[in-house]
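Heads up: the structure comes next, in structure tokens.
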Amino acid sequence: MRDPADPRARLARWARERAVALGYLGALGVAEAGYRLLGERERAAVAAWASTNLDNLVTHAPAALPLSAVVPLEHPLLWLGLAAVALPPVTARLGNARTALLFGLTHTVGTAVSQGIVWWRVTSGDLPDSARRMLDTGASYVVAPALLTAVAFAPWRWRIPAGAGLAVLLPFLFDGLAELEVSAVGHTVSLALAVPLYLALRRPPGAPAAGPGDGAPLAAGLRGAA
């Protein structure tokens with residue numbers, strides 16, 4: 001058995017307690033590297049397939065939803081850096097399974113509401129039918145609410161960089177909201193969900209930090225919500 005004071009044991013425990021955050025960062029980095037290595041035509045095909053537009057949500061939502069969260073079309077290093085200052089401290093506080101549920105919901109519900117509005121506008125004739133095939137990918141429905149959650153609940157040493165990152169994003173997150181643009185609606189929904197969901201899912205006071213399996217049932221977090 002490893003000595004708990006062993007630096008390797010401490011590092012392994014640190015990584016286990018943040019496995020979801022590290023996994024997402026790894027997926028984001030690998031997906032971005034692979035995407036940038038493709039030719040222009042192949043990148044366009046990947047983006048079109050991963051986009052969470054209406055047509056793709058009908059045909060392959062289970063694949064498009066997770067893939068779209070790791071294929072930012074612009075500023076990939078920015079999103080990777082922002083995720084790195086937001087997700088690890090939130091995961092350490094919330095646990096792996098609850099973190100995955102929290103940001104899976106912000107991404108999924110943000111997508112569902114924004115694309116639901118597109119469907120309504122297309123059926124009412126306010127948007128052309130081509131809007132069903134728009135490009136809608138990116139990490140922002142995960143990373144923006146993660147930054148907000150880190151600012152609200154992470155230790156102070158993490159709140160400062162998370163707050164700085166959120167301040168960088170804020171001028172752009174709601175651009176087009178008055179016109180019901182997809183990204184602005186999705187950002188509004190995902191950010192509005194972040195803090196209430198965290199409070200509902202957080203571990204009861206005094207509960208031990210969770211490992212990669214998050215052994216305590218999620219129901220315990222719901223019972224412990226304030």
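Each reported figure results from applying straightforward, stated rules to the coordinates on display, with no laboratory input. All values derive from a computational prediction rather than experimental measurement. Quick reminder, even Gly has a Cβ in these numbers, built from the backbone with ideal geometry, and neighbours come from all protein chains shown.
Taking Cα atoms only, the orientation of helix 76-94 departs from the longest principal axis of the chain by about 40 degrees. Mean residue ellipticity at 222 nm, helices only, the chain: -23500 deg cm²/dmol; runs of at least 4 DSSP H residues each add -39,500 (n - 2.57), and the sum is divided by the number of residues. The share of alpha-carbon pairs in segment 1-86 lying farther apart than 20 Å comes to 49%.
Close amide H pairs (under 5 Å, H built 1.01 Å from N) link LEU127 with VAL122, residues at least 5 positions away or on another chain.
Each of ASP126 and TRP14 was given a label point 7 Å from its Cα along the Cα-to-Cβ line. The distance between the two points is 4.9 nm. Angle of helix 182-201 to the longest C-alpha principal axis of the chain, folded into 0 to 90 degrees and rounded to 10: 20°. Rounded to whole numbers, the Karplus 3J(HN,Hα) couplings from phi for segment 104-118 are x, 6, 4, 5, 6, 6, x, 5, 4, 5, 5, 6, x, 5, 4 Hz, using 6.51 cos²θ - 1.76 cosθ + 1.60 with θ = phi - 60°, and x at Gly and Pro. Note on segment 9-93: with charges restricted to the Cβ of Lys and Arg (+1) and Asp and Glu (-1), its dipole about the Cα centre is near 520 debye.
Of VAL58, VAL142, VAL189, the residue with the greatest mean-square motion in the GNM of the chain, using alpha carbon springs below 10 Å, is VAL58. Using only Cα atoms, tell me the angle between helix 54-68 and the longest principal axis of the chain; keep it within 0 to 90° and round to the nearest 10. Helix 54-68 and the main axis of the chain meet at about 30 degrees. Ordering LEU80, GLY23, LEU177 by the projection of their Cα atoms onto the charge dipole of the chain, which places +1 on the Cβ of Lys and Arg and -1 on the Cβ of Asp and Glu, puts GLY23 at the extreme positive end.
Across the chain, the mean sequence separation of Cα contacts (distance under 8 Å, 6 or more residues apart), normalised by length, yields a relative contact order of 25 percent.
Taken about its Cα centre, the chain carries a charge dipole of about 1060 debye when Lys and Arg each add +1 at the Cβ and Asp and Glu each add -1 at the Cβ.
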